[in-house]
Structure formats: structure tokens, C-alpha cells
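For reference, the structure discussed in these notes is given below.
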Amino acid sequence: MKESMQIFDWELCDDELEKNNNNNNNQCRAFKAENFVTEKGPYKSLEELWDDDAWNFIFINKRFVQLKK
């Protein structure tokens, strides 16, 4: 078990982290909320699906940005 736990004892160097961050800037993985809303399902509207905090965010340039209140 001790040997198995050693797989978690590592980290990326700064160059690897930067390379990984640069590669991820062009990726976007998200579901549209509309896909989960239907008259026959448990969520009939976007308001039922999301709480108030969710409406304070928008998706800009492949990132979620919080709107100023």
C-alpha cells in the first residue's frame, strides 16, 4: 500500500505547467444549460435549474467571467 501511495508524490515543473496551461487555452468543455431543461423533465426552466449565483456569470473567450453587481 505504501508503494501505491507513492504515485501521488510528484509534481510538474514550471515549464511543464506553463506548457499545459498554454495547451488548455484552446479547449472548452461545457454543456449548455438548455440541454437539461424540458417540459417533461424535473427542470422546466433555466431558473429552476440554476440558482441566483449562476446568472452572475457569463462565458467570454472560453472562460466563465463573473459579472459585476
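The values are calculated or read from the model by the stated rules, or taken from the named source; none is laboratory data. It should be emphasised that the depicted structure is a prediction, and the values quoted were computed from it without experimental measurement. Methodologically, a virtual Cβ is constructed for each residue, glycine included, from the backbone with ideal geometry; neighbour enumeration extends over all protein chains shown.
Couple of notes before you dig in:
- Selection status of residue 30, at pLDDT below 70 and exposed (fewer than 10 other Cβ atoms within 10 Å of the Cβ): yes
- Figure legend. Inter-residue proximity from segment 15-36: first residues within 30 Å of residue 47 (Cα to Cα), second residues surrounded by 10 or more Cβ atoms within 10 Å (Cβ to Cβ) and modelled with pLDDT of 60 or more, beta-carbon distance below 7 Å, spacing 6+ or different chains. Indicated pairs: 33/46; 33/49; 33/50; 36/43; 36/49.
- Test: residue in segment 43-66 that is surrounded by fewer than 10 Cβ atoms within 10 Å (Cβ to Cβ), modelled with pLDDT under 75, in contact with a helix residue (DSSP H, G or I) (Cβ under 8 Å, 6 or more places away or on another chain) and not in a helix (DSSP H, G or I): yes
- Filtered residues of segment 12-27 (kept if part of a loop (DSSP other than H, G, I, E, B) and modelled with pLDDT of 80 or more): 13
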